[in-house]
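Take this structure, written in structure tokens, and hold onto it; I'll ask about it next.
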Amino acid sequence: MDFEYSPKSLELQTRLKAFMDDHVIPRHAQFVAEAANGTHVISFMNDLKALAREEGLWNMFLPGLHDDEPGTGLSNLDYAPLAEIMGRLPWAPQVFNCSAPDTGNMEILHMFGTPEQKEQWLKPLLNGEIRSCFSMTEPDVASSDATNIETVIRRDGDDYVINGRKWFSTGAASPDCKIAIVMGKTDPDNPNRHEQQSMILVPLDSPGVTITRDIPVMNHHSYESHCEIAYRNVRVPASNLLGGAGQGFAIAQARLGPGRIHHCMRSIGQAELAYEMMVERSLERKTFGKYLHEHGMLQDKIARSRIEIEQARLLVLKAAWLIDRYGTKAARAEVAMIKVVVPQMQSDVIDRAIQTFGGMGVTPDTPLPDLWTMARSLRIADGPDEVHLQSIARMEVKKAKAGPRDSHRFFTLPDRAAEADIRPVAAE
Ligand SMILES: Cc1cc2nc3c(=O)[nH]c(=O)nc-3n(C[C@H](O)[C@H](O)[C@H](O)COP(=O)(O)OP(=O)(O)OC[C@H]3O[C@@H](n4cnc5c(N)ncnc54)[C@H](O)[C@@H]3O)c2cc1C
């Protein structure tokens, strides 16, 4: 395995770091103040986006495998450090048109969209002129099992009519969010539960679409909205179906492969930021005659955090390398592993940083509460830990069943014949 970054990635890393230092980080305080008003309109965002685009720091997540495709031509491995640099501030990826859920949505439009769908929706998304949301999870069913989804997508002449209730459609409250990719059932009676669903493009200004709530996460609104949406008799042309009827489940899987990797890379950036804050704070504050970093318990936190970040990053790079070399399917186990490992590591490191900051760590005077909320949510969003653990265990058991099953060569089996020979000893 070779995790060496290409010269192109190294050059982009240098320019991206400089852009973050010069243009993004100095705006953080203003961003926090403006985001607090809940309108999801940030006065300087379009100017920053234009600047990033001008500097070629744009759509870096798209591999652009062929000449006629958009993107920077970076592999997942080369993109990983860039996502980490942008991800340090959860809102920063938007500046570079590299933020969730748009990246995942652009990827599936790119992979499954018709030329007309690409022209109408992918093009303005790639240009950063509009944003999008992904509407799969429903309040009324356990959505970590996507076969439970109940929203109805019914064919009616040249249209489809959509009825259902969704929640946690991230980003939908932004005035720039113009399109939802909605998952629902077109064929609820199909005996194959994985072929009942489809995805359909629903313009958010369609009659019958109502954003009923912008749901606070951990009781507060973060930089991004998470919306509850009612779809009541929403009528869209049949040509809005994404991919074929019954392909919804397969598209969801395709969306989450690279998408999960991108989340994890950004999460590592946030863990690094929390780690740096923790270490630097420990150099500045003294208790009981010593700097915090001179206390053994702080050293334990610092060392453990460094070890855990390095372990997590290596696993993410392995997953990226596998996808680049052998495709998403070959990296299924590793992608599931990082989805469990990284948000847990991120929560732990941020928690230690909060502890090191004392009371200040739980106030909005540091980004730590927001970072912790992101990390905690990620253990549920894009599939809860348990579902990924279940997939990993299933893959492992399948391998074990198919394998040579020769581990008994490494231990001594009890000799049953000898055991049978043991006579009960008569009591004296
Ligand atoms: C901040 C945030 C943003 C999100 N953004 C989006 C978005 O943009 N679009 C979207 O569609 N959804 C989004 N989601 C929703 C998210 O994907 C779902 O919450 C998640 O898939 C779990 O579904 P559920 O909430 O219905 O939980 P349920 O399916 O009800 O599961 C509840 C719990 O059951 C347990 N569980 C489930 N399966 C198993 C198992 N096999 N073994 C053991 N235990 C199990 C887990 O602990 C799980 O947390 C977001 C969620 C959050 C928190």
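The values are calculated or read from the model by the stated rules, or taken from the named source; none is laboratory data. Given the structure is predicted, the values throughout are model-derived calculations rather than measurements. We place every Cβ from the backbone using ideal geometry, glycine too, and count neighbours over all the protein chains shown. For accessibility, only protein heavy atoms count, side chains too; no ligands or nucleic acids. Shrake-Rupley method; radii C 1.70, N 1.55, O 1.52, S 1.80 Å.
Over the chain, what is the relative contact order in percent, taking alpha-carbon pairs closer than 8 angstrom and at least six residues apart?
So the answer I get is 14 percent.
Which of rounded, prolate, oblate describes segment 113-171, given a ≥ b ≥ c as roots of the alpha-carbon gyration tensor eigenvalues and a/c under 1.5 marking rounded, otherwise prolate only if a/b is larger than b/c?
Oblate is the answer for segment 113-171, as a/c is 1.5 or above yet b/c matches or exceeds a/b.
What number comes out for the charge environment of His28, summing +1 per Lys or Arg and -1 per Asp or Glu over other residues with Cβ under 12 Å away?
Summing Lys and Arg as +1 and Asp and Glu as -1 gives -1.
Distance in nm between label sites at Leu413 and Glu276, each 7 Å beyond Cα in the beta-carbon direction?
Each label point lies 7 Å from its Cα, and together they span 5.8 nm.
Which value, in Å², gives the accessible area per residue of the chain when a 1.4 Å probe is used on the protein heavy atoms?
Per residue, the chain has an accessible area of 50 Å².
State to the nearest 20 debye the size of the charge dipole of segment 7-130 about its Cα centre, where the only charges are +1 on K and R beta carbons and -1 on D and E beta carbons.
Taking the Cα centre of segment 7-130 as origin, the dipole is about 320 debye.
Quick check: at a probe of 1.4 Å, how many percent of the accessible area of segment 117-240 sits on carbon and sulfur atoms?
Within segment 117-240, the accessible surface is 47 percent carbon and sulfur.
Here is a further query. Mind giving me the FRET efficiency for Asn219 and Asp21? R0 is 35 Å, r the Cβ-Cβ distance, nearest 0.05 is fine.
Efficiency, from the Cβ-Cβ distance: 0.60.
Need one value: the accessible area of Asp159 in square angstrom, 1.4 angstrom probe, rounded to the nearest 10.
40
Okay, moving on. Which of the lysines could a cross-linker bridge to Lys318, judged by Cα under 27 Å and excluding same-chain residues fewer than eight apart?
Reachable lysines: Lys8, Lys17, Lys301, Lys329, Lys339, Lys398, Lys399, Lys401.
For the chain, give the magnitude of the charge dipole about the Cα centre (Cβ charges: +1 Lys/Arg, -1 Asp/Glu; no others), in debye to the nearest 20.
Dipole magnitude for the chain comes out near 620 debye.
Hey, with R₀ at 30 Å, roughly what FRET efficiency would Asn46 and Ala238 work out to, going by the Cβ-Cβ distance, to 0.05?
My answer for the efficiency is 0.30.
Take every Cα-Cα distance within segment 7-130, group them into 5 Å bins from 0 onward, and report for each bin the whole-number percent of pairs it holds.
Spelled out bin by bin, segment 7-130 gives 2, 10, 21, 23, 19, 13, 8, 3, 0 percent.
What share of the DSSP beta bridges in segment 132-242 is antiparallel, in percent to the nearest 5?
DSSP beta bridges in segment 132-242 are roughly 85 percent antiparallel.
If you place +1 on the Cβ of every Lys and Arg and -1 on the Cβ of every Asp and Glu, how big does the dipole about the Cα centre of segment 132-242 come out, in debye to the nearest 20?
So the magnitude is around 120 debye.
Apply the Kirkwood formula to segment 249-310: the hydrodynamic radius equals the inverse of the mean of 1/r over all pairs of different alpha-carbon atoms; give it in Å with one decimal.
13.8
Something else now. So how long is each side of the chain along the principal axes, counting just the alpha-carbon atoms, biggest first, in Å?
Answer, in whole Å and largest first: 92, 67, 44 Å.
Along the Cα→Cβ direction, 7 angstrom out, place labels at Ser144 and Gln299. What is the inter-label distance in nm?
If labels sit at Ser144 and Gln299, their model points lie 4.0 nm apart.
Excluding ligands and nucleic acids, what accessible area in Å² is computed for Thr212 using a 1.4 Å probe, to the nearest 10?
Its accessible surface works out to 80 Å², give or take rounding.
If you project the alpha carbons of segment 249-400 onto their three principal axes, what span does each projection cover, largest first, in Å?
58, 30, 25
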